[in-house]
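Presented below is the structure to which this report refers.
The values are calculated or read from the model by the stated rules, or taken from the named source; none is laboratory data. The structure displayed is predicted, hence computed values, not measured ones. Cβ coordinates were reconstructed from backbone atoms using ideal geometry, including for glycine residues, and neighbour counts include every protein chain displayed.
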Amino acid sequence: MDDLKSAFINSTFEFKENNRFNLNIDFMKELDEMMKNVHWKWNSDKTEIIIQKWKNKDTDKYQLMGIQISEKDRKMYFVMTELPFVLEMKKKLASNKIDLVILNKAGIHLDSKK
């Protein structure tokens with residue numbers, strides 16, 4: 001679990017305007033490939049982001065990953081629904097791009113859920 005925790009600390013979440021999502025993570029090649037160019041959608045009922053394959057984009061079927069959004073003390077947190085992690089996020093707007101990249105690079109803490 002420590003290897004996965006370290007991988008998430010150094011990962012990058014990319015939410016693109018066209019609902020394309022990339023998780024750039026150096027953990028397992030299969031995981032990195034599986035989380036490239038997939039679909040993201042906002043589920044306002046659960047304040048959750050659903051990550052899914054494009055073929056499921058018109059349904060709430062099979063999720064690759066679920067991310068619940070939480071805010072406390074003007075900080076944004078991603079509560080990973082399938083993993084015991086809460087990620088403190090930092091936003092970065094790329095110059096000349098509309099894409100929003102959310103980073104959890106070194107220096108940002110990664111705590112286990114309690």
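So which residues in region 66-111 are at pLDDT below 50, of a type in the set (Lys, Arg) and within 21 Å of Val38 (Cα to Cα)?
Lys97
Name the strands (runs of 3 or more DSSP E) wholly inside region 1-50 in which the number of residues that are farther than 20 Å from Tyr62 by Cα is 1 or more.
Correct list: 12-15, 20-24.
Going residue by residue through region 75-85, is there one that turns out to be touching a Lys or Arg at 6+ places or on another chain (Cβ under 6 Å) and outside any strand (DSSP E or B)?
So far as region 75-85 goes, yes, one or more of its residues are touching a Lys or Arg at 6+ places or on another chain (Cβ under 6 Å) and outside any strand (DSSP E or B).
In the list Asn37, Asn10, which residue meets the criterion of being of a type in the set (S, T, N, Q) and under 19 Å from Met89 (Cα atoms)?
The match here is Asn10.
Of the conditions (1) more than 17 Å from Met89 (Cα to Cα); (2) surrounded by 15 or more Cβ atoms within 10 Å (Cβ to Cβ); (3) hydrophobic (A, V, I, L, M, F, W, C), Met1 clears all except one; give me its number.
Unmet condition: (2).
Only residues that are surrounded by 13 or more Cβ atoms within 10 Å (Cβ to Cβ) and without any contact (Cβ under 8 Å) to a residue 12 or more places away in the chain: list them for region 8-41, please.
Result: Leu31, Asp32.
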